[in-house]
Structure formats: C-alpha cells, structure tokens
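In what follows, a single structure is set out as structure tokens and then discussed.
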Amino acid sequence: MSEAVIRTVTSPPGLLASLDPLLREWLPRQRWFAGKGRPVTGFSLVAATELLPADSRLGLHHVLVRAHQQYAPAGGAAEEPGDCYQLLIGTREALPPRLAPALIGHLTEGPAAGRTAYDALYDTRPAEVLLEALRTRARVGELRFERAPDDDDIRAGLVPRLMTAEQSNSSVVYGDTFILKVLRRIVPGVNPDLELPLALAREGCPRVPAPAGWMTAELTGRSWVLGVLQPYLQGATDGWELALRELAKGEDFVAEARALGRATAEVHTALARALPTVTLGHARARRLAEGMSER
C-alpha cells in the first residue's frame, strides 16, 4: 500500500451470511464482547472492506458488524439493536497449529466456502498489513489510515505480536517500538482513546505517549475511530498491580504512590488547559460520588 492507493473494494456479497452461524458461537466467547448472558439473534453489516483478496492464499476482511441480542424488559422479551464490533477476519485453506487459538470456524457456503475463518490479529501478515497502511497513509474503501504529521519513524518490517492481557480491546506490539490498540466495540464520533492523547501532545505533556497514527472509518457522514498507534513503553507496569505487588511483599508504597499522584495531576492539569472544563455544583458532585460508591 502507498499514499496514492485509494481503493473502493468491498468484501464479496454473502460474506456476512456465511459467517453468521460461526459468529453466533464465537463472538460471545470473546472477553471484549459486552453482551454476555444474552443470546445473539442476528447480525447486520455496517461495513466490510477487503484488505487482502479473498481468493489468495490468505484473505483478509475488515468487518464492522452490529450484533442483535434479546433483552427482557418488564413487558417481555424484545430485541435491541446491539453494539457494533470491529472484526478482522482472515481466511485460509487450513490453519497452522500456531493459529489454533484464533479459530472462528470452517466456512461451508458463500464466497469463501471451504476455507477456515479466524481472528486475523493473531497472524503476523495481517498485522503487518495494518502497520503498512498506517505508515503509508492508505485509503481503502471507507477506511482511513492516518499518521501523525511530524512522525516519520514508522519503519517497515517491524515484527508484530498480539498481546493477550487486555480485556476490552486488542493490542498488537510491533518490534517493541509501537503498540496498536484496536478498538473492538465502537461508536461514531469522538473517542477518548484518540482525543485525549492528541490533546496532551498539543500541550506538550510527556506523561502520555503522543499518537503516531490512527485508523478511522468514514461512514454516513461521520467518523468512527477504530484504532490508535502509540510508542510502546517497554517495562511499563500497571499502577494497581504494582501497588498490590509491593504491599504483598510488605514494602512501603508511599514514594510510588506520591509519584503516581504527581503524574496523574500533571495529566489532568494539561487536559484542563487543552479541553473545555465544567465546575460541578454540590448536587452534581454528590451524585457523582454516590455513583462511584455504588460501583
């Protein structure tokens, strides 16, 4: 892909219909699926884009799909529109053993009949396609791959690996240099995963790495944020996990807590300079506190 590549290729007709029975089983098992406990009754396609040809050795489709589910209001069961999810679907004739955890299922009909569908983020080649698209500012159908104006350090050939610890999204690390956070449940409009680090970068706040690139989709006149590429901080530790570990050893956590509080204050002060602020009255502050206590 290059900056000049602007394709309008969409995925073959019938792709979602062939995936439907497989996704009904696979999607609710994913830890980032928000509708657990309620059966999926069907899907509606928001957008589908072919990133690698379906008839090649490895096919790759970017799919935005809305999962419809039943819920039980007072008047009886009803169906709600459901959440929109971002899927990267790979297809192969057969999966190698290393990709067994990524299996979605075997397609028996549709344009990819006879092939195996899987979560492509587990695979190095599809992950490389995403980084190359960001590096070259590619345009593919409704998909837009952007790079920070002053960031020319996205090198080709960085080896990707999927991180397995994240709960609500999926992240791919590229050669210990960048990390791409792929959002799974998406909504149109401004997304704090991109808005806040961009605002902090404008304020020169060093506490949060500035975005190196981002993925969006332009649909129905609105922008949908799909993913954010940032520098990867090797050896970074979650503050909560660090606190628990130190306390379990009987160590004093005061110095670390003070440093964490100072960093948090710097981030929020920078955000207050960059973004509009609202002063809460006593009643609203009380409701906010009560909500936090209830959670």
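The values are calculated or read from the model by the stated rules, or taken from the named source; none is laboratory data. What you see is a predicted model, and the numbers here were worked out from it, not measured in a lab. All Cβ positions, glycine included, derive from the backbone under ideal geometry; neighbour counts span all protein chains shown. Please note that ligands, DNA and RNA were not included when accessible areas were found on the heavy atoms of the full protein model with its side chains. Shrake-Rupley method; radii C 1.70, N 1.55, O 1.52, S 1.80 Å.
Test of understanding: among Arg57, Arg66, which residue is open to solvent by 10 Å² or more (accessible area, probe 1.4 Å) and either part of a loop (DSSP other than H, G, I, E, B) or assigned by the TED database to the domain that holds Leu183 (or both)?
Arg57
Tally time: how many residues in segment 262-271 are more than 17 Å from Ala210 (Cα to Cα) and open to solvent by less than 100 Å² (accessible area, probe 1.4 Å)? Give the steps one after another, and end with the answer.
Taking segment 262-271 as the starting set, the residues that turn out to be more than 17 Å from Ala210 (Cα to Cα) are 262, 265.
With the extra rule that they be open to solvent by less than 100 Å² (accessible area, probe 1.4 Å), the set shrinks to 265.
Counting residues in segment 262-271 that are more than 17 Å from Ala210 (Cα to Cα) and open to solvent by less than 100 Å² (accessible area, probe 1.4 Å) gives 1.
Would you check which residues across segment 205-219 are outside any strand (DSSP E or B) and either touching a residue at least 24 places away in the same chain (Cβ under 8 Å) or open to solvent by less than 20 Å² (accessible area, probe 1.4 Å) (or both) and list them? Break it down into steps so the answer makes sense when it comes.
Looking only at segment 205-219, we keep the residues that are outside any strand (DSSP E or B), and these are 205-212.
Hits for segment 205-219 are Cys205, Arg207, Val208, Pro209, Ala210, Pro211, Ala212.
Give me the pairs, please: first residue somewhere in segment 271-295 and over 22 Å from Asp193 (Cα atoms) and without any contact (Cβ under 8 Å) to a residue 12 or more places away in the chain, second residue anywhere and part of a helix (DSSP H, G or I) and among the hydrophobic types (A, V, I, L, M, F, W, C), beta-carbon distance under 9 Å, and either six or more positions apart or on two chains.
Every condition considered, the pairs that remain are Leu280/Leu288.
Could you please find all residues in segment 222-244 being among the charged types (D, E, K, R) and modelled with pLDDT of 90 or more?
The one that is among the charged types (D, E, K, R) and modelled with pLDDT of 90 or more: Arg222.
If you check Leu99 against the conditions, is it in a helix (DSSP H, G or I), modelled with pLDDT of 95 or more and under 24 Å from Val225 (Cβ atoms)?
When the stated conditions are applied, Leu99 does not pass them.
Identify all residues within segment 134-160 that are open to solvent by 60 Å² or more (accessible area, probe 1.4 Å), touching an Asp or Glu at 6+ places or on another chain (Cβ under 8 Å) and aliphatic (A, V, I, L, M); write none if there are none.
If the condition is that a residue be open to solvent by 60 Å² or more (accessible area, probe 1.4 Å), touching an Asp or Glu at 6+ places or on another chain (Cβ under 8 Å) and aliphatic (A, V, I, L, M), then Ala156 is the only one that fits.
Is segment 161-183 home to any residue that is out of contact with any helix residue (DSSP H, G or I) (no Cβ under 6 Å at 6 or more places or on another chain), open to solvent by less than 40 Å² (accessible area, probe 1.4 Å), under 27 Å from Arg29 (Cβ atoms) and in a loop (DSSP other than H, G, I, E, B)?
no
Is there any pair with a first residue in segment 101-113 that is farther than 15 Å from Leu27 by Cα and a second that is open to solvent by 50 Å² or more (accessible area, probe 1.4 Å) and assigned to a loop (DSSP other than H, G, I, E, B) whose Cβ atoms are under 8 Å apart and which are 6 or more apart or on different chains, and what are they?
From residues that are farther than 15 Å from Leu27 by Cα, the pairs are Leu107/Ala113; Leu107/Gly114; Thr108/Gly114; Pro111/Pro13.
Six or more apart or on different chains, Cβ atoms under 8 Å: show the pairs whose first residue is in segment 20-40 and over 19 Å from Ile89 (Cβ atoms) and whose second is surrounded by fewer than 13 Cβ atoms within 10 Å (Cβ to Cβ).
Going by the 8 Å Cβ cut-off, the qualifying pairs are Arg38/Tyr71.
Considering segment 246-260 alone, what residues qualify as being surrounded by 11 or more Cβ atoms within 10 Å (Cβ to Cβ) and either in a helix (DSSP H, G or I) or modelled with pLDDT of 90 or more (or both)?
Glu246, Leu247, Glu256, Ala257, Ala259, Leu260
Residues to consider are Arg137, Arg185; find the one that is of a type in the set (D, E, K, R), farther than 14 Å from Pro231 by Cβ, in the same structural domain as Thr216 (by the TED database) and under 15 Å from the mean Cα position of the chain (by Cα).
Being of a type in the set (D, E, K, R), farther than 14 Å from Pro231 by Cβ, in the same structural domain as Thr216 (by the TED database) and under 15 Å from the mean Cα position of the chain (by Cα) holds for just one of Arg137, Arg185, which is Arg185.
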